[in-house]
Amino acid sequence: MGYVEIAFVVIIVMVSILIFLKNNRNMKNSFSKELFISFLMIYFILMVGFAIIYFLMSEIGFTVLSDMSLQYGSALDRFLRSFYFSGVTLMTVGYGDIYPVGVARFVSLVEAAVGYLLPAAFLYKLIK
């Protein structure tokens, strides 16, 4: 059942990115509050979406993080750790306190690439 939830979250994240990149005629070609808020919302949706993916991967039985912190504790604690790791990865900060292992390495690679390229898409939309 966990694979279905992961696929669902991946679809939601991809649709959110497509909606952001879609040509919206109501947006101005200059910096606007609406564009900035939509950018922040996309980042938040991505962060939560990838956190859910990491959380569900650990629920299925994958070892996601090096310190095994998603394998023990309450569901809220494990989700908050997933959220922290997702935020650090999406913003390409990489503090080094935890790192992905196994299949999660590839998921975090995708998340880091999206986090790295999203500001470029935002800038492109801004100057277009």
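The values are calculated or read from the model by the stated rules, or taken from the named source; none is laboratory data. Predicted, not measured: the structure shown is a model, and the values here were computed from it. Note: ideal-geometry Cβ built from the backbone for every residue, glycine included; neighbour counts use all protein chains shown.
The table below lists the values:
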{"item": "Checklist (1) of a type in the set (D, E, K, R); (2) touching a helix residue (DSSP H, G or I) at 6+ places or on another chain (Cβ under 8 Å); (3) at pLDDT 85 or above applied to Arg105, failing item", "result": "(2)"}
{"item": "Output for segment 91-102, where each listed residue is among the hydrophobic types (A, V, I, L, M, F, W, C) and at pLDDT below 90", "result": "Met91, Val93, Ile98"}
{"item": "Where Gln71 falls short, out of the listed (1) within 27 Å of Leu18 (Cβ to Cβ); (2) surrounded by fewer than 18 Cβ atoms within 10 Å (Cβ to Cβ); (3) in contact with a Leu (Cβ under 9 Å, 6 or more places away or on another chain); (4) not small (Gly, Ala, Ser)", "result": "(1)"}
{"item": "Residue satisfying condition, being among the hydroxyl-bearing types (Ser, Thr, Tyr), more than 11 Å from the chain's Cα centre (by Cα) and at pLDDT below 85, within set Ser69, Ser58", "result": "Ser69"}
{"item": "Selection from segment 33-72 of residues that are small (Gly, Ala, Ser) and out of contact with any Lys or Arg (no Cβ under 8 Å at 6 or more places or on another chain)", "result": "Ser38, Gly49, Ala51, Gly61, Ser66"}
{"item": "Segment 1-19 residues that are within 11 Å of Ile45 (Cβ to Cβ), paired with ones that are part of a helix (DSSP H, G or I) and of a type in the set (Gly, Ala, Ser) (beta carbon under 7 Å, 6 or more apart)", "result": "Val9/Gly49; Ile12/Gly49; Val13/Gly49"}
{"item": "Within segment 74-128, considering residues that are aromatic (Phe, Trp, Tyr) and assigned to a loop (DSSP other than H, G, I, E, B), the one surrounded by the most Cβ atoms within 10 Å (Cβ to Cβ)", "result": "Tyr99"}
